[in-house]
Amino acid sequence: MIPVPVVVTVLGGWCAVYLADTLLKSSNSLKASYEDWLLTYGLSVSPFHLRWQTALFNRQFYNWGRWKPKFLYLWFSVGMVFGIVAMFGSVILLGKTLLQTLTQMLTEAPKAQNDRMLQVVVSVPASGLCLRAVPGVNLPVSQLTYFFSAILISGVIHEVGHGVAAIREQVRFNGFGIFIFIVYPGAFVDLFTTHLQLISPVQQLRIFCAGVWHNFVLGVASFMVLFLLPAILFPFYYTGVGALVTEVAEDSPANGPRGLFVGDLVTNLQDCPVYNVEDWNSCLGDISEQSQVGYCVSAATLQQLSFPARVYRRLDGTVECCSNNSLTDICFSYSNKLDSHLYACLPARKVIEAGKVCRTNMDCHKDFVPSFCVTPSLENQTRLIRVKHPPHIDMLYVGHPMHLQYTVSLSSFVPRQNFLSIDLPVVIETFCKYLISLSGALAVINAVPCFALDGQWILNSFLEATLSSLIVEKHNRELVGFLILLAGSALLAANVALGLWMVTAR
């Protein structure tokens, strides 16, 4: 959950800002100079909302809007088509998501989070941003910099699209600005409303669709960078040799003298080869879903290493045969021709390093040497995992595979030189993923025909461009648009409400 000090700091900071603003505006001696200062710097303050607007970038926007007119006409015409398709597509997507969420709520065993198509839980007014990530709830604090930076960049690119398209269509551009709503940053452009109303519906569509179009392009560009990253960084980093450890959490079970360290290169998990981070995650997923593997031990070695121990059953029905104080021994189960439930307390490292991986005794028949496939007798969901990270001694991990996955950070990129940072590729990868997710979400949500979002103006212009000959009376077209907007707003609100409940209540 969100840490209390963070909540207190945010609320206290906004209260202090709003109180100072109120006092200054109430002061007879300071009111005039304070309001002049706000006007000079383009600042405005309201509860939980701080806004800055400037004309400093107007010349740059006009240069962009007048650059290669034919290309920009084609660019924003394609964006117009995309925006219209996105408007209908977003309604279908939110509808399916709502049905999927309702179905999940009614089932006793909800589906995994990865199976959801889209879960909307955060709405930021004026930017139209709705996502499934809630900082402090299901978003790690370490990821907040990526999160807010990606939100700001996505918002800026979105508004740049509107601004350049407006100038291209001869609409006066008044200024560009940045705002902060509670803790969420965003951007906006100020256009001359009268000019917008005078141009044709098709020209309006090019302007209104430019935001979602630019967000889509930003997402595609980020995906291309992510996809081509191995080639881009090839002169400095090589890949395909393992997963490089970049961080091990202090409370990680992999932390310790026989554990993993920053800079280690993991090459195998059990008998599953690891060439990159995707292999690491895939191997851990397979290990958690499959039954525990065993290890071949000869009958002579088994007799030599094992020693008598009391056997008792745990609460979950599994068997323990080692002392609770033992840090090196594990209870193994095996079977012979006479008995299929034999147990032996064995030194784990000697057993694993001496024998190959097996599933049954048949896997161990070799050179006519009597051997058994001994399997660790562990609690449900607990696994004994051998992690190879040469040239160091193998790490033996006992626990849930997902705990290992969540507490160890890795990278697929290995520096060619020691002075190169091992974190740089991870930073680029993570930032690209956030840009893809947040910019894509901004495009989808803004395309929804909902009040106060781009979808409202896209819908109105679309209806004017397509229904003018069918519905002659303008107020009738406005009524149709109002009813569609009402339905779209209700659909989005339902997704937001259910999304919040799914993240926080469950």
Only one of (1) open to solvent by less than 10 Å² (accessible area, probe 1.4 Å); (2) in contact (Cβ under 8 Å) with a residue 60 or more places away in the chain does not apply to G481, and that is (2)
By residue number, the members of the range 330-346 that are modelled with pLDDT of 85 or more and either among the aromatic types (F, W, Y) or loosely packed, with under 14 Cβ neighbours inside 10 Å (or both) are F332, Y334, Y343
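Quick grid of which residues meet (1) of a type in the set (A, V, I, L, M); (2) in contact (Cβ under 8 Å) with a residue 60 or more places away in the chain; (3) surrounded by 14 or more Cβ atoms within 10 Å (Cβ to Cβ); (4) not in a helix (DSSP H, G or I):
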| site | (1), (2), (3), (4) |
| --- | --- |
| L38 | yes, no, yes, no |
| N63 | no, no, no, no |
| W67 | no, no, no, yes |
| Y73 | no, yes, no, no |
| F82 | no, yes, yes, no |
| A86 | yes, yes, yes, no |
Across the range 387-418, the tally of residues that are more than 30 Å from I153 (Cα to Cα) and part of a loop (DSSP other than H, G, I, E, B) stands at 10
Note on the range 272-311: residues farther than 30 Å from F227 by Cβ and within 44 Å of the chain's Cα centre (by Cα) are Q290, S291, Q292, V293, G294, Y295, C296
Inspect all residues belonging to the range 288-301 and state whether any of them is touching a strand residue (DSSP E or B) at 6+ places or on another chain (Cβ under 7 Å), open to solvent by 20 Å² or more (accessible area, probe 1.4 Å) and more than 25 Å from N380 (Cβ to Cβ).
yes
Looking at the range 276-294, can you tell me whether even one residue there is under 14 Å from C373 (Cα atoms) and in contact with a Cys (Cβ under 9 Å, 6 or more places away or on another chain)? yes
Report task. Kindly indicate whether V262 is hydrophobic (A, V, I, L, M, F, W, C), open to solvent by 70 Å² or more (accessible area, probe 1.4 Å) and either touching a residue at least 24 places away in the same chain (Cβ under 8 Å) or not in a loop (DSSP other than H, G, I, E, B) (or both). Result -> yes
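The values are calculated or read from the model by the stated rules, or taken from the named source; none is laboratory data. Since the structure is predicted, the reported quantities are computational estimates derived from the model, not experimental observations. Glycine also receives a Cβ, built like all others from the backbone with ideal geometry; neighbour counts cover every protein chain displayed. Ligands, DNA and RNA are excluded from the accessible area calculation, which covers all protein heavy atoms including side chains. Shrake-Rupley method; radii C 1.70, N 1.55, O 1.52, S 1.80 Å.
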